[in-house]
Amino acid sequence: MHQLQPSFEGAASEPVRRLGRAIVVTSGKGGVGKTTTTANLGTALAQRGVSVALVDADVGLRNLDIVLGLENRIKHHLLDVLEERVTLDEALVPDKHSDRLVLLAAAQAREKDEVDTEKMRALIASLRERYEYVLIDCPAGIELGFRNAVAGADEAIVVCTPEVSAVRDVDRVVGLLGNRFRPQLVINRLRPQLVKKGKMLSVDDVNAILRLPLLGVIADEPEIIVTTNKGEPLALRKDAPTGAAYHAIAARIAGDDVPPPMPATKESFLERLGSMFGGKK
Amino acid sequence: MIDFLKRLFGQTGSSATAKERLRLVLMTDHLELAPDMIDAMKRDLVDVISRYVEVDRDRIEVNFEQQDRALAMLANIPILSVNRPPVNRAGNGNGNGNGHGRAAEPAQAAAVAAAPNVSSPGAQAATDSIVTRRRRRRKKNQSIPAGAKPATAH
């Protein structure tokens, strides 16, 4: 794979480099975990040794920096770059844990429709020249913010929780994306115990409707909240089940032949037993 | 433990409700998002019905309505004339017989001429796919002969 390059212009003598993959993480509905998913998949991919740029396209409501724990390092943002006040290099913030992972933060004090779609497309194109993966954290909704976020992408990951409203919105978003983006599905916040009791839509229920290639399933874990509080994505901890699940999804994105991670039903069984006997497991 | 097993294998919880609601809402969404398809279906529908009766193409209404456990298509298709001239249709005897139970004297060329005349109310029939009792009743009441009269009277 290619090295990080300071510039992609005027490189006639350079060998042709493969473009990185630009993947938009989207969902339609808000609050299903797009940002958490983007941060964790970016972290997991970087740990695999590939270069990753994360772009927070949620202009006006930036959060990816928080989830990554980088909020104090942000000096410039997406619109600074698009409006050519700073160079891309000045705006990209390296991650705390991996120098292969960088973040381009969203502008907080601006609005989504201030983003020029064509400039956004060009920005993602230039990131693809330099990074093997460009993950774009899409804002909720299907308006201009969504269109800008998908503009430069050539693939999509849709995040869906096992809820009627989330599935409906994903269905709509997938319709808008069309086939070009080959959307793949991450089911987030699944609670295996509730599924067992028939109180939550199962993975099969969701995907019987969406019929998308399944990247993996992430359980609804208190740990996610804790890690978000700290600004340390759970994917940093491969030993934690959910951390491992993000790594498995990253592996699948990279093309490894591994099965989609599922929240372990066996463990939840033990958890149940534990809770029956008043244990704390 | 028994309680646990019961919970494990028994009960269908609210997820079944969720699934059902999702199925219906998505059907409605998909229809709403495919106006072209609905237009095409409307055209085809009218083409078929027009083999038997003359309908008022401008006043056709096709709506979708969520009923208890199904999505229903409700079509309101005003009929201008039942007694079409027995032209070019090979099975025209069949067509007349099928014309909602009354064949009778075709008014020949009257049908076309009658068109503007019959924009008056009454000449409506409802066709329905997933038929509800309510609709069926209305269909019965909508005395098509009444609608046909102006055509023959003309």
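The values are calculated or read from the model by the stated rules, or taken from the named source; none is laboratory data. Worth saying up front: this structure is predicted, and the values here are computed from it rather than measured. Counting neighbours? That spans all protein chains shown, and the Cβs are built from the backbone with ideal geometry, glycine included.
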Identify the residue in region A:149-178 that is more than 11 Å from chain B (Cβ to nearest Cβ) and among the charged types (D, E, K, R) and, among all such residues, is nearest to B:THR28 (Cα to Cα). A:GLU155
Regarding A:ARG85, is this residue assigned to a loop (DSSP other than H, G, I, E, B) and modelled with pLDDT under 95? no
When every residue in region A:159-213 that is surrounded by fewer than 21 Cβ atoms within 10 Å (Cβ to Cβ) and of a type in the set (Gly, Ala, Ser) is compared, the one nearest to A:GLY30 (Cα to Cα) is A:SER165
Yes/no for A:VAL102 being modelled with pLDDT under 95, outside any helix (DSSP H, G or I) and among the β-branched types (Val, Ile, Thr): no
Selection count, region A:57-113, where residues are without any contact (Cβ under 8 Å) to a residue 12 or more places away in the chain and among the polar types (S, T, N, Q): 2
The condition of being touching a residue at least 40 places away in the same chain (Cβ under 8 Å) and farther than 19 Å from B:ARG23 by Cβ holds, among B:VAL53, B:VAL46, only for B:VAL53
Entirely in region A:149-223, the helices (runs of 4 or more DSSP H) that have 2 or more residues that are β-branched (Val, Ile, Thr) and farther than 18 Å from A:LEU41 by Cα: A:164-177, A:203-210
